[in-house]
Structure formats: C-alpha cells, structure tokens
Amino acid sequence: MRRAVCPGSFDPVTNGHIDIVSRASTLFDEVTVAVGVNKSKNRLFTVEERIDMLAEACRDYGNVKIDTFQGLLVDFCKDRGIHAIVKGLRAVSDFDYELQMAQMNSSLVDVETVFIPTTPEYSFLASSLVKEVARFGGDVSSLVPAHVLARLTARLAERRDAEM
Ligand code: ADP
C-alpha cells in the first residue's frame with residue numbers, strides 16, 4: 001500500500017490545506033493528516049479541536065485519516081510504514097526551507113517528499129494570516145470551511161471577552 005503523510009499544525013485547517021490533502025488522496029492509497037503536537041507554540045485551538053475540524057473537513061475522503069505526531073516526523077513515518085511526505089508549495093519563499101527539510105528527512109530514513117503546487121487562489125493562504133484577518137473583523141469565509149469559520153468566530157469572541 002502506498003501511504004503518505006500531510007503534516008502541519010492546522011491551527012485551524014484552511015481551504016489551502018484541504019486542497020492539498022484532497023489532491024494527495026488521489027495519488028496515494030492512504031493519506032494521514034498528522035497534527036504536530038508542539039507544546040512550545042502558542043495555538044488558538046487545542047489539538048483535539050484541530051483534529052475535530054480536520055475530521056469534519058476530510059470526511060468525504062475515504063482514504064484520509066487524522067493522527068497526531070510528536071517529535072520527529074520521520075519517526076512517525078518509520079513507525080507507520082509511510083514513505084512519502086506531502087507538502088504544499090505556495091511560493092518560492094516556501095521552497096528554501098522545504099527543500100532543506102526534505103533533504104534532511106530523506107537522509108534520516110527512507111522517505112521521499114512530494115511537493116504539490118498550491119492552487120493559485122490559495123497561494124497567499126496561511127492559518128496565521130486567517131487568524132490575523134479574522135481577529136480584526138475581516139471576511140475569511142471563502143478561505144476556511146463553514147464549520148471552521150463558526151469555531152474561529154466563537155473562539156476569537158471568547159478571547160476578546162476575556163481580554164476586557
Ligand atoms: P500554515 O502555514 O497555514 O500555518 P501549517 O503549518 O499547518 O500551516 O501547514 C502545513 C502544511 O500545509 C505546509 O507545510 C504546507 O505544505 C501546506 N499548506 C498550508 N497552507 C497551504 C496553502 N494555502 N496552499 C498549499 N499548501 C499549504
């Protein structure tokens with residue numbers, strides 16, 4: 001079976017992520033979306049919330065499952081017999097770092113990185129930017145699924161109330 005992983009923080013999942021996951025699901029028999037658990041980073045959503053949103057967003061893809069990883073992604077791949085890491089490339093600025101990481105990962109274990117070029121309409125899209133724009137009242141309804149928008153709006157309102 002040809003297995004791939006789409007790693008990320010997905011805080012929250014965007015239409016850009018879903019585009020890459022759905023395209024990966026046509027190339028591989030099984031795709032695992034792996035949510036990185038990194039305690040040092042300040043996140044808007046908990047790991048469980050991020051998993052819930054991903055599960056809802058990916059429920060139409062029969063060969064996609066959601067998991068978490070901690071530590072090195074290559075160890076996650078080795079444990080699960082995954083030989084491909086799928087990354088979306090938005091712009092040249094993504095490339096330097098992604099190339100370095102791809103080469104490092106393949107030097108550690110038997111794994112290839114497959115780059116999928118982003119659909120142009122999502123090339124500016126990042127979770128961090130979605131949060132920033134939504135925080136200041138911008139319309140992000142075309143950038144995330146409706147259920148994510150609802151959670152995002154609610155969480156930002158909670159945060160605003162807490163700050164007052
Ligand atoms: P972000 O960069 O949105 O904060 P993540 O760290 O969760 O998101 O991203 C995980 C991976 O998803 C990235 O390495 C990249 O490969 C891919 N990705 C994120 N946003 C997009 C997008 N708009 N188009 C294509 N790929 C994307």
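Among the residues in segment 93-111, are any assigned to a strand (DSSP E or B) and aliphatic (A, V, I, L, M)?
no
Of all residues being aliphatic (A, V, I, L, M), open to solvent by less than 80 Å² (accessible area, probe 1.4 Å) and in contact (Cβ under 8 Å) with a residue 12 or more places away in the chain in segment 54-80, which is nearest to Ser127 (Cα to Cα)? Just the residue, please.
If we take residues in segment 54-80 being aliphatic (A, V, I, L, M), open to solvent by less than 80 Å² (accessible area, probe 1.4 Å) and in contact (Cβ under 8 Å) with a residue 12 or more places away in the chain, then Leu54 is nearest to Ser127 (Cα to Cα).
Any idea how many residues of segment 118-155 are within 11 Å of the ligand (Cβ to nearest atom) and among the basic types (Lys, Arg)?
1
Can you name the condition, by its number, that Phe115 falls short on among (1) at pLDDT 95 or above; (2) open to solvent by less than 40 Å² (accessible area, probe 1.4 Å); (3) near the ligand (Cβ under 9 Å from one of its atoms); (4) not in a loop (DSSP other than H, G, I, E, B)?
Tallying (1) at pLDDT 95 or above; (2) open to solvent by less than 40 Å² (accessible area, probe 1.4 Å); (3) near the ligand (Cβ under 9 Å from one of its atoms); (4) not in a loop (DSSP other than H, G, I, E, B), Phe115 fails exactly one: (2).
Given the options Ala102, Ala126, Ala154, name the one that is over 17 Å from the mean Cα position of the chain (by Cα) and at pLDDT 95 or above.
So the residue among Ala102, Ala126, Ala154 that is over 17 Å from the mean Cα position of the chain (by Cα) and at pLDDT 95 or above is Ala154.
For Ala162, all conditions in the list (1) assigned to a loop (DSSP other than H, G, I, E, B); (2) away from the ligand (no atom under 16 Å from the Cβ) hold save one; what is the number of the exception?
(1)
Run down Ile51, Ile85 and say which single residue is within 10 Å of the ligand (Cβ to nearest atom), of a type in the set (A, V, I, L, M, F, W, C) and either surrounded by 12 or more Cβ atoms within 10 Å (Cβ to Cβ) or more than 14 Å from the chain's Cα centre (by Cα) (or both).
The unique qualifying residue is Ile85.
In this structure, does Asp29 turn out to be more than 15 Å from the ligand (Cβ to nearest atom) and open to solvent by 80 Å² or more (accessible area, probe 1.4 Å)?
Judged against the criteria, Asp29 is not a match.
Every residue in segment 118-144 that is open to solvent by less than 90 Å² (accessible area, probe 1.4 Å) and farther than 29 Å from Ile82 by Cα, please.
Residues satisfying the conditions are Leu129, Val130, Lys131, Glu132, Val133, Ala134, Gly137, Gly138, Val140, Ser141, Ser142, Leu143.
Name the pairs: first residue in segment 5-22 and closer than 16 Å to Thr118 by Cα and open to solvent by 10 Å² or more (accessible area, probe 1.4 Å), second residue among the aromatic types (Phe, Trp, Tyr) and near the ligand (Cβ under 7 Å from one of its atoms), Cβ to Cβ under 7 Å, at least 6 apart or on different chains?
Asn15/Tyr122; Gly16/Tyr122; His17/Phe10; Asp19/Tyr122
Taking Val92 and the conditions (1) modelled with pLDDT of 95 or more; (2) surrounded by fewer than 18 Cβ atoms within 10 Å (Cβ to Cβ); (3) of a type in the set (A, V, I, L, M), which numbered condition does it fall short on, given that it satisfies the others?
Going through (1) modelled with pLDDT of 95 or more; (2) surrounded by fewer than 18 Cβ atoms within 10 Å (Cβ to Cβ); (3) of a type in the set (A, V, I, L, M) one by one, Val92 breaks only (1).
Can you find a residue that is under 19 Å from Leu152 (Cα atoms) and modelled with pLDDT of 95 or more anywhere in segment 61-72?
Looking through segment 61-72, none of the residues is under 19 Å from Leu152 (Cα atoms) and modelled with pLDDT of 95 or more.
Could you tell me which residue of segment 145-164 is surrounded by the most Cβ atoms within 10 Å (Cβ to Cβ), considering only residues that are within 22 Å of Arg59 (Cα to Cα) and in contact (Cβ under 8 Å) with a residue 24 or more places away in the chain?
Out of the qualifying residues, it is Val148.
The values are calculated or read from the model by the stated rules, or taken from the named source; none is laboratory data. Everything quoted here is computed from the prediction, not taken from an experiment. Positions of Cβ are generated from backbone atoms using ideal geometry, with glycine treated the same way; all protein chains shown enter the neighbour counts. All accessible areas refer to the heavy atoms of the entire protein, side chains included, with ligands and DNA or RNA removed. Shrake-Rupley method; radii C 1.70, N 1.55, O 1.52, S 1.80 Å.
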